[in-house]
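Read through the structure below, which is laid out as C-alpha cells, and then see the notes.
Please treat every number below as a calculation from the coordinates, not as lab data. Not measured: the values here are computed from a predicted model. Please note: Cβ atoms are built from the backbone with ideal geometry, for glycine as well, and neighbour counts cover all protein chains shown.
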Amino acid sequence: MTMNTQVATLRIAREVREAEDALAEALIRQSNLFTLMLTTRRDAEVGPFTGQDILLRLAGSQQSLLAAGNDLARVHGKLRDLAVERGDSNIDMCPPESGSVIEHPASLALAA
C-alpha cells in the first residue's frame, strides 16, 4: 500500500525534527560527560593532563555531531525547498534560509 504525498510529507517532516532533536540531545549528553570528566579530574587531584587523549576524542566526537547537524540542516533546507517547489502547504520554514549553516565545518579547528 502506498501513501499519498501529503502523508509522506508530514512523516518526513516529523522524522527530520526527531533527527534534529536526537542530535541536540546527543550534543547535550556529550557536553555533560565532558564537564563531568573535567570535574572528576580536578576533584581527584590527578595530573592536569590525565585523560587528555580521552577528552580530545570526546571533543572530536562533539565536532562530528556538530558537522552532522550542519548536514542535517542542509537536508532540512533542501526538503523545504522541494516542498515549496511542489506547492505543499503544510511546510514549516525552519531552518532559517540564511545564517544558520556553516559552509565548511571541517575548516573549523578545535581550540587546543
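Peptides 62-73, 15-26, 41-52, ordered by how many other C-beta atoms sit within 10 Å of their residues on average, highest first, read 62-73, 15-26, 41-52.
The length gained by stretching the chain between Arg42 and Asp21 to full extension, at 0.36 nm per residue less their Cα-Cα distance, is 4.4 nm. Applying 1/(1 + (r/R0)^6) with R0 = 35 Å to the Cβ-Cβ distance of Leu33 and Thr5 gives a FRET efficiency near 0.25.
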